[in-house]
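Below is one structure, written out as structure tokens, with a few remarks after it.
The values are calculated or read from the model by the stated rules, or taken from the named source; none is laboratory data. Predicted model, so just to flag it, every value in this text is computed and none were measured. All Cβ positions, glycine included, derive from the backbone under ideal geometry; neighbour counts span all protein chains shown. Calculation scope for accessible area: heavy atoms of the full protein, side chains included, ligands and nucleic acids excluded. Shrake-Rupley method; radii C 1.70, N 1.55, O 1.52, S 1.80 Å.
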Amino acid sequence: MSEKDSVYQVVMPRLGLTMTEGKIVEWVKADGEWANKGETLFVIENEKSTVEIEAPADGYLKILTPVNVTVPVLSPVGTLSGGTVSGHHAVIGEHPTPGTSTPDTSKFASQLRASPKARALARKLNVPLEGISGAGIRGMVVAEDVERAAHSMKSALKASPVAQRVAETAGVDLTSVAGSGAGGRIMRADVERALQKQQAAPLPLSGLRGIIAERLSQSWRERPQVTLTTDADATNLVAARQQLNAELASTGEKISYNALLVKLVAQALREHPNLNVQLTPSGLQTMPEINIGLAVDTERGLLVPVVRDPLQKSLRQVNAEILALAERAIKGRSHPDDLSGGTFSVTNLGAYEIDAFTPLINPPECAILGAGRIAPKPAGLNGQVVLRDTITLSLSFDHRLVDGAPAAKFLQRVKQLIERPFALAL
């Protein structure tokens, strides 16, 4: 069999050492569609993130695993045939499978061809690609074709101008609205009823939201969680950050409070390793590394990217890493290793003007530190009442793994480092 006639088997990739299974949430390429090497082939969802998987070779796609089906890693999910295979692509596929019969690819020649941008826009606008005449190379449907089709669909609808404006403002798809006017014309009241039904419909706990719900429920059920709170004088921390950012003004960098928190929490963990532990099948284990997870709010839910070994990095390196991790998390482009390997977590709700709260432990970690807003509060200083920048700290810990006194000593050390931040330079 020639190289051109080979069939390339695409498998569920193993993304990270702990991944054992994955679920395809979207096939970007349709069954029978031609895929060029490097184009996005499908999107998978594992325990913590969604990742776009690229085609490892050229060929016509044969889908073997439908969407929303969880399969073990390295299980075949599709094949690519009729193209050439070069190099080794062990990341997401196997070598070409020899001895298989050459598929009849002639039936795929007339399959719909559309650019990735056009497909994404069609999904957003709810426009079927079938029947759209492509203006791109070799009849490929491009984004402009989808926009024209959407406009034509909108023009063909029998809807009053007011109903169209209300639907556009509220994001209601008029194609799904039944009209009560003359001749089935869609009126404003029809759109408002459709909007009420849309808002009242329950949202299923699926995908990442379902994963988050299950993990937090598990954390609450299995862990006797205790939360300690204390106030720290953050005046020196605020001043230190201002001085650091003044030094970096010419570079455009700005050190965040999160970067400072990650550094000082890591220092406190080095001094109090009994908070850097996890419960394993063989018993209580002190983790050999200090890796700090930092909670990030995204449209898909709460994610906790991990800063690895921050004590071995400069403050600027930690700050840059946090920015990169957060950006990828918000865009849904987190690398698999971004969200694994944490030994302790930090969550900062200061931006939302929250003072104290009870953060939930991120299993299998032992504890999590919640940081509230920094705000001026009256405090006694040298026999006088003055305003000092103050932050409330909330430490939740697993009482099975650590007692209250060691946890309190750890929190006390975090407080000391906030009040004396330049101690980190020692």
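DSSP beta bridges confined to the stretch 272-426 are antiparallel in about 75 percent of cases. Between residue 192 and residue 74, the contour length at 0.36 nm per residue exceeds the Cα-Cα span by 37.7 nm. Look at where the Cα atoms of the stretch 401-426 and of the stretch 235-279 average out, and the two centres are 13 Å apart.
The equivalent ellipsoid that matches the C-alpha gyration tensor of the stretch 218-287 spans semi-axes of 34, 15, 12 angstrom, in descending order. With 28 Å as the limit on Cα-Cα distance, the pairs of 37/254; 23/117; 254/331; 23/263 that go past it are 37/254; 23/263. Shown here for the stretch 377-426: trypsin sites (Lys or Arg not before Pro) in loop regions (DSSP other than H, G, I, E, B) with at most 14 other Cβ atoms within 10 Å, namely 400. For the stretch 309-371, trypsin sites (Lys or Arg not before Pro) are listed when DSSP marks them as loop and at most 14 other Cβ atoms sit within 10 Å of their Cβ; the list is 331, 333. Treating only the Cα positions of the stretch 248-303 as identical point scatterers, give the base-10 log of I(q)/I(0) from the Debye formula at each q in 0.12, 0.13, 0.22, 0.28 Å⁻¹. For the requested q values the scattering log ratios are -0.46, -0.53, -0.94, -1.06.
Calculation over all alpha carbon pairs of the stretch 232-359 in 10 angstrom steps from 0 returns a P(r) of 12, 38, 37, 12, 1, 0 percent. Rg/Rh, computed from the Cα trace of the stretch 350-400 with Rh as the Kirkwood radius, has the value 1.16. With each label modelled as a point 7 angstrom along the Cα→C-beta vector, the residue 228-residue 399 pair spans 1.4 nm.
The value obtained for the stretch 336-377, namely the Cα convex hull volume divided by the number of residues, is 88 Å³ per residue. Take the Kirkwood radius over Cα pairs of the stretch 275-426, plug it into Stokes-Einstein at 25 °C and 0.890 mPa s, and you get 144 µm²/s for translational diffusion. Ligands, DNA and RNA left out, the accessible area of the stretch 178-328 computed with a 1.4 Å probe is 53% carbon and sulfur. Extension gain, residue 316 to residue 297, is 4.6 nm, computed as 0.36 nm per intervening residue step minus the present C-alpha separation. Potential lengthening of the chain between residue 245 and residue 213 amounts to 7.7 nm, from the contour at 0.36 nm per residue minus the alpha-carbon distance. Hull volume per residue, based on the alpha-carbon atoms of the stretch 341-426 and their convex hull, is 137 Å³. Using the 1.4 Å probe convention, the accessible area of the stretch 287-426 works out to 48 Å² per residue with neighbouring protein chains retained.
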